[in-house]
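This report refers to the structure that appears directly beneath it.
The values are calculated or read from the model by the stated rules, or taken from the named source; none is laboratory data. Every value quoted in this text rests on a predicted model; they were computed, and no experiment measured them. Because the Cβ atoms are built from the backbone with ideal geometry, glycine has one as well, and the counts that use them run over all protein chains shown.
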Amino acid sequence: MKQIINLVITAGFVLALTASPSRAQDVGFTSAWPGLTADQRVEVQGFGEDFKTFLGQAKSEMLFVRHATTFAEAQGFRKWDADAAGAPAPGSRWYAINRDRTIVLFVVGTEPMANGFRIVNTHIDSPRIEFKTRPFRESQQAVLIDTQVHGGIKNYQWANVPLAITGRVDRADGSTVWIDIGNTPGDPVLLITDLAPHVDRDFRNRTYTEVIRTEELDPIAATLPPDAAAGQKSATERLLALLREKYGVTAVDLLSADLQIVPATPPRDVGLDRALVGAYGQDDRATAYVSLRAIADVKTPRYTAMAYAVNNEEVGSWNTGVNSEWFNTLVSEVMARQAGGTFSELARRRAYARTQVLVSDCTTALNPLFPQPQNLNLTSRLGYGLVVKEYGAGRETNSEFFARMRGVFDRAGVRWQTHSYDAGYGGGTIAAWFAGQNMDVMDVGIGIVSMHSPFEVSSKVDLWSLRRGFAAFFAN
């Protein structure tokens, strides 16, 4: 009889969970907006303006690092010097950069790093189009840029969108030319053209994944014919002459270039109520910016606080990504200075075991136009606060660390929600690297609509909530 009663109770509990039309009715997840005071609403909107300004400037990982460095120095952070004498003082503020594409800001705690530290990790590369090494080809008297794709995009979304060029050209003499064209008002832009409905009859049987094929993502770079008086034989030669005159860059120099093609569209408010932000690159420079703002508010923490922004999450690590030994080296340097110049690999491994990490990235919030792929009981929603991502299959935080962080967020009054996918759906996470170092790790972030498109959408209150969540974590 006792077994029957238990079975009935269990069945009733499961039925109660599955019968709920939304997760909000299960555990109290609701919109964060109604709970804001008048002052907090002003704060949310102000933070949104700061966010738009920064994201409009930082349209690549290299631009992010450049502007983050300016921000850090204005906030009293100094460039890390591994060879300096003495232990860094508690409360001292430092930054370190790896190859212009990765940056760490950290504030030294009163506890030595051997006792563990606190990391907020983000990535700062976003899906985009890139120059190939020999980028120019001619078609019907127009010069096109031959491109390749970084990360997962829907190709058709990049057609008929004003595009900009950003990046660097490294020359054999050791000099670097930085290029940014299309992001300043009055600049020319690039465009990937599309067919008009009057003449696309022969292309209408293409599936949506091939409306624009990857090898067709070639924007117009120039259309003027060659200048015969200057000895030019092709439109490409005329374009190369322009680049040589303006930037001192030759065709050979382009072989060693890192040039990216990104949307020229500036960030804007979305919706008449100005509750949302639309901008390119929110996945994942949005949470990276929030981490900068959060660590700038840290004074003298108990445990060293680190905001660590890496490159190449969208495509694989390489030497500026999370798998690089660069971060291990930086931690070793700090620990060595704290230990009077000595270092132990075992001490670092034990420090990692005492370390807590929030790996922060964006996730796919419920799309009001296309809710069908999402499980309404599980998905995150715009405006409900920061998101704890529980992806399952060995890609979620240990229950005891989740419980600890629940307490941290709740005591600080931080609004949060969870997100999970049904089988067959979902993205990846770089949290596995930190977990592999035996750290306590949780995936958090914000929900995004139109993710990986040229104009992603987030909620201002979610960004604000994430900042408060990071602050509570660093103070824990």
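State yes or no: is Tyr384 aromatic (Phe, Trp, Tyr) and part of a helix (DSSP H, G or I)?
No.
Please count how many residues of segment 328-352 are touching a helix residue (DSSP H, G or I) at 6+ places or on another chain (Cβ under 9 Å) and either of a type outside the set (A, V, I, L, M, F, W, C) or in a helix (DSSP H, G or I) (or both).
Residues meeting the conditions: 14.
Take segment 274-293 and flag every residue that is crowded, with 23+ Cβ neighbours inside 10 Å, hydrophobic (A, V, I, L, M, F, W, C) and over 21 Å from Ile153 (Cα atoms).
Residues satisfying the conditions are Val290, Leu292.
Please note which strands (runs of 3 or more DSSP E) are completely contained in segment 59-132 and include at least 2 residues that are surrounded by fewer than 24 Cβ atoms within 10 Å (Cβ to Cβ) and in the same structural domain as Ala309 (by TED's automatic domain parsing).
Of the strands (runs of 3 or more DSSP E) lying wholly inside segment 59-132, those with at least 2 residues that are surrounded by fewer than 24 Cβ atoms within 10 Å (Cβ to Cβ) and in the same structural domain as Ala309 (by TED's automatic domain parsing) span 93-98.
Kindly indicate whether any position in segment 140-159 is basic (Lys, Arg), crowded, with 18+ Cβ neighbours inside 10 Å and touching a residue at least 40 places away in the same chain (Cβ under 8 Å).
Looking through segment 140-159, none of the residues is basic (Lys, Arg), crowded, with 18+ Cβ neighbours inside 10 Å and touching a residue at least 40 places away in the same chain (Cβ under 8 Å).
Answer with yes or no whether Arg171 is over 27 Å from the mean Cα position of the chain (by Cα), under 18 Å from Leu191 (Cα atoms) and basic (Lys, Arg).
In short, no.
Looking only at segment 328-349, decide whether some residue is in the same structural domain as Pro88 (by TED's automatic domain parsing), surrounded by 12 or more Cβ atoms within 10 Å (Cβ to Cβ) and acidic (Asp, Glu).
Checked against the condition, which is being in the same structural domain as Pro88 (by TED's automatic domain parsing), surrounded by 12 or more Cβ atoms within 10 Å (Cβ to Cβ) and acidic (Asp, Glu), segment 328-349 yields at least one hit.
Restricting attention to segment 387-414, report how many residues are without any contact (Cβ under 8 Å) to a residue 60 or more places away in the chain and in a loop (DSSP other than H, G, I, E, B).
Selection size over segment 387-414: 11.
Kindly indicate whether any position in segment 236-246 is part of a loop (DSSP other than H, G, I, E, B) and β-branched (Val, Ile, Thr).
So far as segment 236-246 goes, no, none of its residues is part of a loop (DSSP other than H, G, I, E, B) and β-branched (Val, Ile, Thr).
Do any residues in segment 165-177 that are exposed (fewer than 12 other Cβ atoms within 10 Å of the Cβ) have Cβ atoms under 9 Å from those of residues that are outside any strand (DSSP E or B) and among the small types (Gly, Ala, Ser), where the two are at least six apart or on different chains, and which pairs are they?
Listed pairs, sorted by first residue: Ala172/Ser256; Ser175/Gly248.
Inspect all residues belonging to segment 323-331 and state whether any of them is touching a Leu at 6+ places or on another chain (Cβ under 9 Å) and within 30 Å of His150 (Cβ to Cβ).
no
Need pairs with beta-carbon distance below 7 Å; first residue assigned by TED's automatic domain parsing to the domain that holds Glu456 and free of Cβ contacts under 8 Å to residues at least 60 places away in the same chain and within segment 354-375, second among the charged types (D, E, K, R) and surrounded by fewer than 20 Cβ atoms within 10 Å (Cβ to Cβ); sequence gap 6+ or separate chains.
Asn375/Asp422
Leu243 - would you say it is more than 27 Å from Gly151 (Cα to Cα), out of contact with any strand residue (DSSP E or B) (no Cβ under 7 Å at 6 or more places or on another chain), crowded, with 18+ Cβ neighbours inside 10 Å and not polar (S, T, N, Q)?
Yes, satisfied.
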